[in-house]
Amino acid sequence: MTDMNRGIMKFKGADSTPAVALSGLLIIGAIVGLILWALESAYAFS
């Protein structure tokens, strides 16, 4: 058993390139969304 099939990601294809790219985009999108929300809350852009 390789280390890739341990922990939370035990399903087949969890370490595939599309899955990694999709999860990376989701994380980066959430971070960008939080930054934009914080900037709009801190500074009153009209």
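The values are calculated or read from the model by the stated rules, or taken from the named source; none is laboratory data. This is a predicted model, so every value here is computed, not measured. Here the Cβ is made from the backbone with ideal geometry for all residues, glycine too, and neighbour counts use every protein chain on show.
List of remarks:
- Selection within the range 12-36 - among the polar types (S, T, N, Q), assigned to a helix (DSSP H, G or I) and surrounded by 10 or more Cβ atoms within 10 Å (Cβ to Cβ): 23
- Criterion violated by residue 26 - all others in (1) at pLDDT 95 or above; (2) more than 14 Å from the chain's Cα centre (by Cα) satisfied: (2)
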